[in-house]
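Working notes, structure below.
The values are calculated or read from the model by the stated rules, or taken from the named source; none is laboratory data. Bear in mind the structure is a predicted one, so any value in this text is a computation, not a measurement. All Cβ positions, even for glycine, are placed from backbone atoms using ideal geometry, and neighbour counts span all protein chains on display.
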Amino acid sequence: GLLSSARGNGSGVSLRVANGVWAGTAVRPKFIESSTRIHRAQAAPLPSSYEPVNSWVQSRTDGEVPKLLSGTPDPLTVSLLVSAVSFKGVWAERFERERTAEGAFWPLSPGAATASQPANFMRRKGAAWASPTVAALGGAAALRLDYGDADAAADSKGAGFCALFVLPAEAGEASLAATIAALRTAPSPV
């Protein structure tokens, strides 16, 4: 699961997870032991600054999350729960840089007319799981692109990691909210 970190090993994917709890009161040894054993989490006394927490997160994410928290802890803070994830992956079917083109991205801005913003769009031809309509998602379109070793992606089990892109059936906030709600309850569309 996500609690274990996947690194290198030739897969083209690196996933680093940092979970921790810092408590303002004495932390019982049994809590520290179970946090480490069950959740693979750091458990320690609450520091007077965020520097030790940021240093710990930075080391656990191979420097990809250098500063998670800023300022100083509120004096009324009883405990601090931290979870940070760092993911780096190569596409199983790579995109060619020269096929990247600028296009118009239309952000959703509730209650206001929005203008498009320029964005880079990656383009490629190749095999991928796609569906123009997923009934369980209210008719949304979906596309799955695998990360990592192309041989693993071609395996009948699929890749260990993938990106799932979902486009609601209609434009607008209501359609987006309905699609998000369906994603929370529907079985995986892929």
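Does region 23-59 hold any residues that are among the aromatic types (Phe, Trp, Tyr) and at pLDDT 90 or above, and which are they?
Passing the criteria: 50, 56.
Is it true that residue 94 is closer than 30 Å to residue 180 by Cα, without any contact (Cβ under 8 Å) to a residue 40 or more places away in the chain and of a type outside the set (Val, Ile, Thr)?
Values: closer than 30 Å to residue 180 by Cα: yes; without any contact (Cβ under 8 Å) to a residue 40 or more places away in the chain: yes; of a type outside the set (Val, Ile, Thr): yes.
It is true that residue 94 is closer than 30 Å to residue 180 by Cα, without any contact (Cβ under 8 Å) to a residue 40 or more places away in the chain and of a type outside the set (Val, Ile, Thr).
So for region 78-100 (the condition being under 30 Å from residue 39 (Cβ atoms), out of contact with any Phe, Trp or Tyr (no Cβ under 9 Å at 6 or more places or on another chain) and of a type in the set (Asp, Glu)), does at least one residue qualify?
No, because not a single residue in region 78-100 is under 30 Å from residue 39 (Cβ atoms), out of contact with any Phe, Trp or Tyr (no Cβ under 9 Å at 6 or more places or on another chain) and of a type in the set (Asp, Glu).
Can you pull out the strands (runs of 3 or more DSSP E) entirely within region 37-108 that have at least 3 residues that are surrounded by 14 or more Cβ atoms within 10 Å (Cβ to Cβ)? Even if it seems obvious, please write down each step before you answer.
Numbers: elements: 42-45, 79-89, 101-105.
Those strands (runs of 3 or more DSSP E) span 42-45, 79-89.
Identify, please: which residue in region 120-135 is small (Gly, Ala, Ser) and surrounded by 12 or more Cβ atoms within 10 Å (Cβ to Cβ) and is, among those, nearest to residue 95 (Cα to Cα)?
Step one: filter region 120-135 for residues small (Gly, Ala, Ser), giving 126-128, 130-131, 135.
Among the residues that remain, those that are also surrounded by 12 or more Cβ atoms within 10 Å (Cβ to Cβ) are: 128, 130-131.
On the way: 128: 13, 130: 17, 131: 20 Å.
Top of the filtered list is 128.
Tally time: how many residues in region 12-36 are among the aromatic types (Phe, Trp, Tyr) and in a strand (DSSP E or B)?
Residues flagged as among the aromatic types (Phe, Trp, Tyr) and in a strand (DSSP E or B) within region 12-36 amount to 1.
List the pairs whose first member sits in region 111-126 and is within 22 Å of residue 100 (Cβ to Cβ), whose second member is in a loop (DSSP other than H, G, I, E, B) and at pLDDT below 85, and whose Cβ atoms are under 7 Å apart, counting only residues at least 6 apart or on separate chains?
From region 111-126, the pairs are 116/106; 117/107.
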